[in-house]
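In what follows, a structure is listed as structure tokens, so that the remarks can point back to it.
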Amino acid sequence: MSAKKGKFSRRDFLKTAGTVGLGSVLLPLGSMAEAQTGSQTMVPTRPFGKTGVSVPILGLGGDLGLQDMIVFRQAFKMGVTYWDTADSYGWGNNEKAIGKYFSKFPEHRPRIFLVTKAATSNPKKLTDQLNQSLKRMNTSYIDMYFIHYVSNVKNELTDEVKAWAEQTKARGKIRLFGFSAHKNMEESLPAAAELGWIDGIMMSYNYRLMVKPEMQRAVEACAKAGIGLTAMKTQAAFSANFYASIGSDTDDALKLTEKFLEKGYTAEQARLKVVWENPAIASICSGMPNMTILQANTAAALNKQKLSWRDKQRLEHYAHQTASGYCAGCANICESLVDYNIPISDIMRCSMYYHSYGDRDKALGLYNSLPAEIKENILKADFSNAEKGCPQKLQIGKVLMKIYEDLA
Ligand code: SF4
């Protein structure tokens with residue numbers, strides 16, 4: 001990238017934007033134009049629980065690499081100053097990319113709400129991984145430090161972890177502490193609310209999950225406890241979209257898209273807007289790997305038009321019609337109904353990365369972190385009881401076998 005400090009050439013911009021078809025998905029949401037012309041229009045902010053910090057309602061997820069400085073730069077300009085990463089993203093390259101940005105624009109560091117994560121509850125490992133993240137990102141502190149993939153609050157957020165968080169805050173290396181949750185959110189959120197020392201949580205939350213009464217109660221408990229909430233996986237991608245039986249994906253998706261386009265926004269933008277309608281959600285963390293998606297999502301964040309009751313009904317109907325392709329992360333249900341140790345929900349996530357996102361590397365990264373014994377258990381297990389108990393009616397056995405074969 002031929003960028004001078006603080007500036008990117010028009011050629012750089014067109015090169016980056018052109019390769020992904022800028023304009024092809026961006027809808028004419030009026031306020032976007034203002035943001036692009038460099039006026040003061042910025043993505044709005046919301047209080048992050050009772051932490052005293054306000055964050056933009058749209059956060060930049062960790063899909064970017066060293067070559068993507070222009071996306072970081074444009075995100076900053078548009079007020080997308082919540083940047084989320086993890087020590088594992090891109091095998092450390094996402095953190096290194098943020099570090100590269102901060103070395104070019106050190107004056108921007110205090111204006112970024114920087115989040116990173118490590119998947120361990122061991123205090124010694126947390127210290128090592130935090131130090132590595134600080135080094136990679138050319139910074140002396142992290143605004144929000146998460147333990148990654150927490151699914152059992154009692155076992156993973158121990159008194160030792162609490163002491164570590166307090167000491168690390170006192171040393172000025174982290175400002176806030178919390179965790180990310182991809183499964184069992186309905187149990188882990190209320191449990192965190194009772195702990196009294198969790199500042200923030202990032203959890204899967206979208207138009208499919210937010211209508212469930214258990215999830216509504218879980219979010220409410222956190223809001224009452226003053227925990228800042230960030231929604232992820234807001235597009236609710238399919239975990240199992242390769243079966244003809246879930247072919248309703250195509251027809252229903254087409255109808256949904258057409259209806260929203262008539263109103264001036266895409267179905268993807270509508271899925272963001274419905275999450276923002278819950279004031280308890282401080283921010284949405286969204287993977288925005290290019291300018292097209294960054295601009296479309298920013299346009300949605302700037303747009304003040306509310307979804308109608310009918311719009312929300314359309315999303316609910318679509319969620320219902322396509323439920324059997326989406327894993328809701330309620331792992332406590334299915335995993336207890338199989339005789340072998342198999343993290344069904346995690347393997348469903350591999351399937352989502354591979355079959356929906358088309359990201360074999362990400363799927364493999366997660367799949368290869370599972371012990372070989374667990375993969376072999378897929379071949380031995382009988383999933384019929386788990387399938388009967390699954391509220392989404394997923395064909396669990398078939399999905400797991402498919403991912404076993406595809407990622408072998
Ligand atoms: S497979 Fe079904 S029961 Fe298991 S986590 Fe996914 S949605 Fe829940």
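Annotations for the structure displayed:
Matching residues to (1) more than 27 Å from A223 (Cβ to Cβ); (2) out of contact with any Asp or Glu (no Cβ under 8 Å at 6 or more places or on another chain):
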{"residue": "E262", "(1), (2)": "yes, yes"}
{"residue": "L272", "(1), (2)": "no, yes"}
{"residue": "N278", "(1), (2)": "no, yes"}
{"residue": "G287", "(1), (2)": "no, no"}
{"residue": "T298", "(1), (2)": "no, yes"}
{"residue": "A301", "(1), (2)": "no, yes"}
{"residue": "K304", "(1), (2)": "no, yes"}
{"residue": "R314", "(1), (2)": "no, yes"}
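One line per residue, one yes/no per condition, for (1) buried (at least 20 other Cβ atoms within 10 Å of the Cβ); (2) over 25 Å from T234 (Cα atoms); (3) charged (D, E, K, R):
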| position | (1), (2), (3) |
| --- | --- |
| I142 | yes, no, no |
| H148 | no, no, no |
| T168 | yes, yes, no |
| L176 | yes, no, no |
| E186 | yes, no, yes |
| E214 | no, no, yes |
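- Taking the criterion of being in contact with a Gly (Cβ under 9 Å, 6 or more places away or on another chain) and buried (at least 18 other Cβ atoms within 10 Å of the Cβ), the residues of region 97-114 that qualify are A97, I98, F113.
- The residues on offer are D406, D359, and the sole one that is away from the ligand (no atom under 16 Å from the Cβ), over 18 Å from the mean Cα position of the chain (by Cα), surrounded by fewer than 20 Cβ atoms within 10 Å (Cβ to Cβ) and under 17 Å from N241 (Cβ atoms) is D406.
- Number of the exception - S286 against (1) within 16 Å of the ligand (Cβ to nearest atom); (2) of a type in the set (G, A, S); (3) in contact (Cβ under 8 Å) with a residue 40 or more places away in the chain: (1)
- Tally, over region 151-167, of residues that are of a type in the set (V, I, T), farther than 16 Å from E186 by Cα and in a helix (DSSP H, G or I): 1
Matching residues to (1) touching a Ser or Thr at 6+ places or on another chain (Cβ under 9 Å); (2) at pLDDT 95 or above:
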{"site": "C330", "(1), (2)": "yes, yes"}
{"site": "C334", "(1), (2)": "yes, yes"}
{"site": "D339", "(1), (2)": "no, yes"}
{"site": "A363", "(1), (2)": "yes, no"}
{"site": "S384", "(1), (2)": "no, yes"}
{"site": "Q395", "(1), (2)": "yes, no"}
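- Residue match in region 391-398 (condition: among the small types (G, A, S) and more than 9 Å from the ligand (Cβ to nearest atom)): yes
- Only one of the numbered conditions (1) out of contact with any helix residue (DSSP H, G or I) (no Cβ under 7 Å at 6 or more places or on another chain); (2) more than 15 Å from A331 (Cα to Cα); (3) free of Cβ contacts under 8 Å to residues at least 60 places away in the same chain is violated by I403, and that is (1).
- Considering region 293-349, and only residues there that are more than 10 Å from the ligand (Cβ to nearest atom) and of a type in the set (F, W, Y), the residue that is farthest from S369 (Cα to Cα) turns out to be W309.
- Pick from region 368-390, criterion part of a helix (DSSP H, G or I) and charged (D, E, K, R), ranking: nearest to the ligand (Cβ to nearest atom): E387
- Every residue from region 329-356 that is more than 17 Å from N241 (Cβ to Cβ) and among the aromatic types (F, W, Y): Y340
- Condition broken by A301, with the remaining ones in (1) modelled with pLDDT under 95; (2) surrounded by 19 or more Cβ atoms within 10 Å (Cβ to Cβ) satisfied: (1)
The values are calculated or read from the model by the stated rules, or taken from the named source; none is laboratory data. Model, not experiment: these values are computed from the prediction. Backbone-built Cβ (ideal geometry, glycine too); neighbour counts: all protein chains shown.
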